[in-house]
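First comes the structure, then the notes that go with it.
The values are calculated or read from the model by the stated rules, or taken from the named source; none is laboratory data. Just so you know, these numbers come straight off a predicted model, no measurement behind them. Cβ coordinates were reconstructed from backbone atoms using ideal geometry, including for glycine residues, and neighbour counts include every protein chain displayed. In case anyone asks, the SASA skips ligands and DNA or RNA and just uses the protein heavy atoms, side chains included. Shrake-Rupley method; radii C 1.70, N 1.55, O 1.52, S 1.80 Å.
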Amino acid sequence: MDDDDWIAEALREAEAAAKRGEVPVGAVVVSGEGELLAAERNRIVERRDPTAHAELLAIREASRRIDNERLVGTTLYVTLEPCVMCVGAISLARVARLVFAADDPKGGAVLHGPRFFDQATCHHRPKVSRAGDGNRAGDVLRKFFQARRG
């Protein structure tokens, strides 16, 4: 599978989150050998946990699965540019690559806001790239919020 295929997998997770009333963000972690280690979606409402972002849940599951807190050689695919909390975890987990579909000008921390990986205090910087259909990922989010506003 290529980057677009993995983003499509993350998008399926995002759509599942929307159906459960969660902000539709999905994430998957893939090993350097192309093995799916974790697939998650936002579960903030379900778990009553403000840290239950798709990226954090996927990182936790992948770490559990390989029995190591360091995800060296892995790629994290996510439908939306991660927030500052999630990019901190990505850095601490030593994720090798971060691939995302849609920009988040309000809450993103990679290309927007604090640009976490550009800071001198960031001790690990993954390779960052874009893949998938950013418009589709953005549309899923827009439709979710439009429906909630009535």
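Step by step: first the residues of region 35-49, then only those that are exposed (fewer than 13 other Cβ atoms within 10 Å of the Cβ) and acidic (Asp, Glu), then the one that is farthest from Ala14 (Cα to Cα). Which residue is that? Ranking the candidates gives Glu35 first. Test Leu111 against the stated conditions and say whether it is modelled with pLDDT of 95 or more, over 23 Å from Asp133 (Cα atoms), among the aliphatic types (A, V, I, L, M) and open to solvent by 10 Å² or more (accessible area, probe 1.4 Å). When the stated conditions are applied, Leu111 does not pass them. Per the conditions (1) over 20 Å from Gly132 (Cα atoms); (2) assigned to a helix (DSSP H, G or I); (3) open to solvent by 10 Å² or more (accessible area, probe 1.4 Å), the sole criterion not satisfied by Arg12 is (1).
Sort out which residues of region 15-28 are farther than 21 Å from Ile90 by Cα and not in a helix (DSSP H, G or I), and write them in order of number. If the condition is that a residue be farther than 21 Å from Ile90 by Cα and not in a helix (DSSP H, G or I), then Arg20, Gly21, Glu22 are the ones that fit. Within region 66-90, the set of residues being assigned to a helix (DSSP H, G or I) and either out of contact with any Phe, Trp or Tyr (no Cβ under 7 Å at 6 or more places or on another chain) or open to solvent by 10 Å² or more (accessible area, probe 1.4 Å) (or both) comprises Ile66, Val84, Met85, Cys86, Gly88, Ala89, Ile90. Entry remark, region 114-150: residues being touching a residue at least 60 places away in the same chain (Cβ under 8 Å), open to solvent by 60 Å² or more (accessible area, probe 1.4 Å) and assigned to a loop (DSSP other than H, G, I, E, B) number 1 in total. Among the residues of region 91-108, those identified as open to solvent by less than 10 Å² (accessible area, probe 1.4 Å) and either assigned to a loop (DSSP other than H, G, I, E, B) or among the aromatic types (Phe, Trp, Tyr) (or both) are Ala93, Val95, Phe100, Gly108.
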